[in-house]
Amino acid sequence: EMSVNCSLWQENSLSVKRFAFAKFSEVPGECFLLFTLILLMFLVSLTGNALIALAIFTSPALHTPMYFFLANLSLLEIGYTCSVIPKMLQSLVSESRGISREGCATQMFFFTFFAITECSLLAAMAFDRYMAICSPLHYAVRMSRGVCAHLAMVSWGMGCIVGLGQTNFIFSLDFCGPCEIDHFFCDLPPLLALACGDTSQNEAAVFVAAVLCISSPFLLIISSYVRILIAVLMMPSPEGRHKALSTCSSHLLVVTLFYGSGSITYLRPKASHSPGMDKLLALFYTVVTSMLNPIIYSLRNKEVKEALRRTLGFRKVLSRNSINIIVLMDNQDSKALLLIFSENGIPAMRRLNSTPHHTNGFVLVGFSEWPQLEMALLVVVSIFYILTIFGNSAIIILSRLDPKLHTPMYFFLANLSFLDLCYTTSTVPQTLINIQSHKRSISYVGCIAQLFIFLGLGSTECVLLSIMAFDRYVAICQPLRYTVVMHSQLCQQLAAVAWITGFSNSLVQTVLTSLLPRCGKYQIENFFCEVPAMLQLSCVDTWVNEVEMYAAVVVIKVIPLGLIFFSYINIVRAVIRIQSSEGRKKAFHTCGSHLLVVIMFYGSAISGYAYMAPKSSSAKLKGKLLALFYGLITPMLNPLIYTLRNKDVKAAVKKILGREQEQGWNSA
């Protein structure tokens with residue numbers, strides 16, 4: 001690994017003021033592969049733990065001590081992973097792997113805080129299981145809300161105290177170089193290795209703290225489970241023993257995963273420490289265990305699975321004689337909607353008296369009015385979605401691996417490919433499920449989330465396409481100043497503006513749309529949740545929303561389209577003045593791919609919105625097909641357009657595949 005020069009990061013050459021994380025590998029492909037893997041696990045961890053916490057908070061059946069501690073654990077895991085993984089991901093794909101001394105101290109505090117809290121919280125959960133199995137008659141009294149709250153407060157308080165103490169203890173040391181942390185984040189052992197002078201006392205203090213804060217809770221857990229095992233073995237009924245053990249198995253598995261990796265890292269002798277092994281263990285107890293915890297608790301727990309179903313919008317599912325029955329709850333009039341789907345998936349509705357419920361939902365009508373199209377759509381959409389994922393992922397990987405593609409144009413193209421990946425994933429999986437299962441329901445929360453993500457990504461793409469047009473304008477009209485104008489910092493700022501603008505618009509539109517009363521209407525005339533289709537469900541005048549929507553269309557679509565048009569007018573003028581025919585052809589060639597993508601995206605999107613208002617069957621079908629075009633086909637075609645028309649991208653593909661320059665793409 002390359003060493004890092006600390007001379008620029010020291011004040012008066014006495015103390016290091018910035019650190020740098022060591023490179024995982026000099027091979028860019030390995031770093032990008034690890035980045036992708038960690039990002040996926042991070043997203044799964046966030047989603048899983050958030051769903052567990054949400055299900056517990058919204059389900060009265062889970063308002064018990066065991067699930068109170070589980071909700072605390074889920075919230076803790078979210079903070080635990082967020083304290084280290086974002087910076088870890090940045091270090092894997094960025095040339096700048098530095099972190100300030102203050103930033104490193106902050107990261108160490110939060111990481112230690114959440115880690116020690118988890119140790120104590122797992123011990124509290126073991127005590128809860130001990131009381132439930134060994135003293136069931138006294139359980140409700142001894143594990144009251146007050147006792148549970150105090151145990152949780154002690155766990156969080158202990159984590160905070162130890163985190164502050166350890167961070168202050170470590171950063172009171174002098175760091176006079178080297179400044180490269182041989183790790184993914186600021187952890188105790190690698191930072192101690194960088195400190196100047198004798199650190200034996202500090203290492204002893206860290207070891208003592210680890211013994212007290214890791215080993216002591218672990219011994220309490222072992223003691224609790226020994227007593228639980230004795231109590232279970234004394235039960236006469238095998239069903240009782242099985243039930244008792246099943247309530248403990250999830251917690252015991254989580255304890256084994258967390259304590260196993262943590263103990264090996266912090267309690268083994270210093271001589272046996274290996275940087276490579278430390279990094280793998282760190283990945284395990286920061287990413288893998290946090291991802292597995294919600295999976296373990298949801299897959300092995302019927303109550304959690306049932307609460308998750310209710311949280312995601314399902315009250316009850318029955319199936320009899322090829323009839324699928326789904327009961328969704330409507331908060332507007334405290335009635336239950338009995339949705340009956342026959343084999344062809346066409347919904348019918350009956351209204352039943354029921355008690356109020358916390359969730360309501362929608363039915364995505366999709367293409368159910370044309371059942372003859374559904375099987376063909378299932379096959380076509382699946383193939384297009386796979387091509388979209390593969391093509392856009394390839395563009396992102398190529399733009400990262402090939403140094404020749406580290407230019408503004410390909411930076412924005414990588415942003416566009418990542419956006420298209422998310423854009424299609426926000427709607428297509430739900431569409432495929434609805435087509436093949438005929439259960440076309442989506443929860444209220446799921447619909448609002450889909451609306452927010454889809455609209456945010458669509459708005460971001462509008463702004464991003466205008467920025468890409470500006471990049472081509474500067475490249476062709478001001479070639480001598482291109483590298484000065486389109487420097488890396490400006491490109492990052494323009495990309496940030498696009499993403500922030502897109503999701504700010506989406507937030508406003510989503511909030512205004514979600515506040516409209518529906519008065520029992522639940523059928524969305526589309527295959528995903530979109531603003532025009534949801535406005536049709538409202539039972540009040542929506543002119544304010546429509547005015548706001550058209551204003552947003554002007555700001556997000558018309559103005560960027562005007563900027564694109566203005567850029568290309570100037571580009572055409574500049575190209576016409578080029579004397580050489582080869583120069584003109586090359587200039588037009590660099591813009592052809594972007595211009596084709598703009599025409600496809602804006603043309604289908606504007607036409608799709610125009611078809612949302614009419615009520616005729618043919619107009620609805622055309623509108624849905626256009627929505628399918630700009631929601632799936634355009635993202636699929638984008639990488640093909642940029643690949644087939646671009647020599648740099650084709651050369652990068654040949655390099656990655658190990659082909660010679662003369663072979664492969666000649667026929668293209």
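From the set of residues in the stretch 76-97 that are more than 19 Å from Leu164 (Cα to Cα) and surrounded by fewer than 17 Cβ atoms within 10 Å (Cβ to Cβ), which is nearest to the chain's Cα centre (by Cα)?
The residue in question is Pro86.
Among the residues of the stretch 505-532, write down those that are under 22 Å from the mean Cα position of the chain (by Cα) and among the aliphatic types (A, V, I, L, M). Steps first, answer last, please.
Step one: of the stretch 505-532, the residues under 22 Å from the mean Cα position of the chain (by Cα) are 505-511, 528-530.
If the condition is that a residue be under 22 Å from the mean Cα position of the chain (by Cα) and among the aliphatic types (A, V, I, L, M), then Leu507, Val508, Val511 are the ones that fit.
Does the stretch 458-469 contain at least one residue that is without any contact (Cβ under 8 Å) to a residue 60 or more places away in the chain, part of a helix (DSSP H, G or I) and open to solvent by 40 Å² or more (accessible area, probe 1.4 Å)? Walk me through how you get there before you give the answer.
From the stretch 458-469, those without any contact (Cβ under 8 Å) to a residue 60 or more places away in the chain are 460, 464, 467; that's our starting set.
Add one more test, that the residue is part of a helix (DSSP H, G or I), and what stays is 460, 464, 467.
Add one more test, that the residue is open to solvent by 40 Å² or more (accessible area, probe 1.4 Å), and what stays is none.
No.
When residues of the stretch 574-595 are filtered for being free of Cβ contacts under 8 Å to residues at least 60 places away in the same chain and under 30 Å from the mean Cα position of the chain (by Cα), how many remain?
The number of residues fulfilling the criteria is 1.
Yes/no per residue for (1) more than 17 Å from Tyr423 (Cβ to Cβ); (2) touching a Cys at 6+ places or on another chain (Cβ under 6 Å):
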site	(1), (2)
Arg472	yes, yes
Ile476	yes, no
Leu490	yes, no
Val511	yes, no
Glu530	no, no
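Given the conditions (1) surrounded by 15 or more Cβ atoms within 10 Å (Cβ to Cβ); (2) under 20 Å from Cys591 (Cβ atoms), and given that Phe566 satisfies all but one, which numbered condition is not satisfied?
(1)
Just checking, how many residues over the stretch 545-556 are in contact (Cβ under 8 Å) with a residue 40 or more places away in the chain and either in contact with a Lys or Arg (Cβ under 9 Å, 6 or more places away or on another chain) or open to solvent by 50 Å² or more (accessible area, probe 1.4 Å) (or both)?
Let us first name the residues in the stretch 545-556 that are in contact (Cβ under 8 Å) with a residue 40 or more places away in the chain, namely 548-549, 552-553, 555-556.
Checking which are either in contact with a Lys or Arg (Cβ under 9 Å, 6 or more places away or on another chain) or open to solvent by 50 Å² or more (accessible area, probe 1.4 Å) (or both) leaves us with 555.
Residues that pass the stated criteria total 1.
Given the criterion open to solvent by 10 Å² or more (accessible area, probe 1.4 Å) and either under 27 Å from Ala475 (Cβ atoms) or free of Cβ contacts under 8 Å to residues at least 12 places away in the same chain (or both), identify the matching residue among Ile559, Ile571.
Details: Ile571 fails: open to solvent by 10 Å² or more (accessible area, probe 1.4 Å).
Answer to the check: Ile559.
Filter the stretch 51-73 for residues that are among the hydroxyl-bearing types (Ser, Thr, Tyr), touching a Ser or Thr at 6+ places or on another chain (Cβ under 9 Å) and farther than 23 Å from Ala115 by Cβ and give the result.
Keep residues of the stretch 51-73 that are among the hydroxyl-bearing types (Ser, Thr, Tyr), which gives 58-59, 64, 67.
Narrowing further to those that are touching a Ser or Thr at 6+ places or on another chain (Cβ under 9 Å): 58-59, 67.
Answer for the stretch 51-73, where residues must be among the hydroxyl-bearing types (Ser, Thr, Tyr), touching a Ser or Thr at 6+ places or on another chain (Cβ under 9 Å) and farther than 23 Å from Ala115 by Cβ: Thr58, Ser59.
Scan the stretch 450-464 and give yes if some residue there is more than 21 Å from the chain's Cα centre (by Cα), of a type in the set (Phe, Trp, Tyr), farther than 18 Å from Leu628 by Cβ and modelled with pLDDT of 85 or more, otherwise no.
No, there is no match, as no residue in the stretch 450-464 is more than 21 Å from the chain's Cα centre (by Cα), of a type in the set (Phe, Trp, Tyr), farther than 18 Å from Leu628 by Cβ and modelled with pLDDT of 85 or more.
Quick one: in the stretch 470-486, of everything that is without any contact (Cβ under 8 Å) to a residue 24 or more places away in the chain and among the aliphatic types (A, V, I, L, M), which residue is most open to solvent (accessible area, probe 1.4 Å)?
Restricting to residues being without any contact (Cβ under 8 Å) to a residue 24 or more places away in the chain and among the aliphatic types (A, V, I, L, M), the top hit is Leu480.
Residues to consider are Ala71, Ala50; find the one that is under 21 Å from the mean Cα position of the chain (by Cα), within 22 Å of Val255 (Cα to Cα) and free of Cβ contacts under 8 Å to residues at least 24 places away in the same chain. Talk me through it step by step, then tell me what you get.
Values: Ala50 fails: free of Cβ contacts under 8 Å to residues at least 24 places away in the same chain.
From the options Ala71, Ala50, the qualifying one is Ala71.
If I filter the stretch 397-410 down to residues being surrounded by fewer than 21 Cβ atoms within 10 Å (Cβ to Cβ) and closer than 21 Å to Leu40 by Cβ, which single residue comes out as farthest from the chain's Cα centre (by Cα)?
Leu401
Working only within the stretch 182-226, note down all residues that are in contact (Cβ under 8 Å) with a residue 60 or more places away in the chain and open to solvent by 60 Å² or more (accessible area, probe 1.4 Å).
Asp182, Phe207, Phe218, Leu220
Restricted to the stretch 181-191, and to residues that are in a helix (DSSP H, G or I) and touching a helix residue (DSSP H, G or I) at 6+ places or on another chain (Cβ under 6 Å), which residue is modelled with the lowest pLDDT?
This residue is Leu188.
Taking the stretch 126-169, which residues are touching a Lys or Arg at 6+ places or on another chain (Cβ under 9 Å), open to solvent by less than 30 Å² (accessible area, probe 1.4 Å) and among the hydrophobic types (A, V, I, L, M, F, W, C)? Give the derivation first.
Within the stretch 126-169, the subset touching a Lys or Arg at 6+ places or on another chain (Cβ under 9 Å) is 130-131, 133-135.
Retained after the next criterion (residues that are open to solvent by less than 30 Å² (accessible area, probe 1.4 Å)): 131, 133, 135.
Once the filter is applied, which keeps residues that are touching a Lys or Arg at 6+ places or on another chain (Cβ under 9 Å), open to solvent by less than 30 Å² (accessible area, probe 1.4 Å) and among the hydrophobic types (A, V, I, L, M, F, W, C), the stretch 126-169 yields Met131, Ile133.
Would you call Ala231 within 30 Å of Pro65 (Cα to Cα), of a type in the set (A, V, I, L, M) and crowded, with 20+ Cβ neighbours inside 10 Å? Break it down into steps so the answer makes sense when it comes.
Numbers: within 30 Å of Pro65 (Cα to Cα): yes; of a type in the set (A, V, I, L, M): yes; crowded, with 20+ Cβ neighbours inside 10 Å: no.
Here the answer is no, as Ala231 does not meet what is asked.
Tally up the residues in the stretch 499-529 that are under 23 Å from Gly631 (Cα atoms) and either without any contact (Cβ under 8 Å) to a residue 24 or more places away in the chain or open to solvent by 70 Å² or more (accessible area, probe 1.4 Å) (or both), please.
Of the residues in that region, 5 qualify.
Could you list all residues from the stretch 530-544 that are assigned to a helix (DSSP H, G or I), open to solvent by 20 Å² or more (accessible area, probe 1.4 Å) and either within 22 Å of Cys462 (Cα to Cα) or β-branched (Val, Ile, Thr) (or both)?
Val544
Against the definition (over 24 Å from Leu281 (Cα atoms), among the aliphatic types (A, V, I, L, M) and open to solvent by less than 40 Å² (accessible area, probe 1.4 Å)), how does Leu173 come out, yes or no? Reasoning before the result, please.
Numbers: over 24 Å from Leu281 (Cα atoms): yes; among the aliphatic types (A, V, I, L, M): yes; open to solvent by less than 40 Å² (accessible area, probe 1.4 Å): yes.
The answer is yes for Leu173.
With the condition kept exactly as written, say whether any residue in the stretch 235-248 is without any contact (Cβ under 8 Å) to a residue 60 or more places away in the chain, open to solvent by 50 Å² or more (accessible area, probe 1.4 Å) and under 30 Å from Phe175 (Cα atoms).
Within the stretch 235-248 (the criterion being without any contact (Cβ under 8 Å) to a residue 60 or more places away in the chain, open to solvent by 50 Å² or more (accessible area, probe 1.4 Å) and under 30 Å from Phe175 (Cα atoms)), the answer is no, since none of the residues qualifies.
Tell me, which residue of the stretch 45-64 that is of a type in the set (Val, Ile, Thr) and outside any loop (DSSP other than H, G, I, E, B) is most open to solvent (accessible area, probe 1.4 Å)? Let's see the steps before the verdict.
Initially, the stretch 45-64 is screened for residues of a type in the set (Val, Ile, Thr), giving 47, 52, 56, 58, 64.
Within this subset, residues satisfying the condition of being outside any loop (DSSP other than H, G, I, E, B) are 47, 52, 56, 58.
Details: Thr47: 81, Ile52: 5, Ile56: 7, Thr58: 59 Å².
The qualifying residue most open to solvent (accessible area, probe 1.4 Å) is Thr47.
Could you give me the residue pairs with C-beta distances under 6 Å whose first residue belongs to the stretch 133-153 and is farther than 23 Å from His242 by Cβ, whose second residue is surrounded by 12 or more Cβ atoms within 10 Å (Cβ to Cβ) wherever it lies, and which are 6+ apart or on separate chains?
Going by the 6 Å Cβ cut-off, the qualifying pairs are Arg142/Met131; Cys148/Pro65; Cys148/Phe68; Leu151/Ala124; Ala152/Asn72.
The values are calculated or read from the model by the stated rules, or taken from the named source; none is laboratory data. Owing to the predicted nature of the structure, the values given are computational and were not obtained by experimental measurement. Cβ coordinates were reconstructed from backbone atoms using ideal geometry, including for glycine residues, and neighbour counts include every protein chain displayed. To get the accessible areas, we keep the full protein, side chains included, count just its heavy atoms, and leave off ligands, DNA and RNA. Shrake-Rupley method; radii C 1.70, N 1.55, O 1.52, S 1.80 Å.
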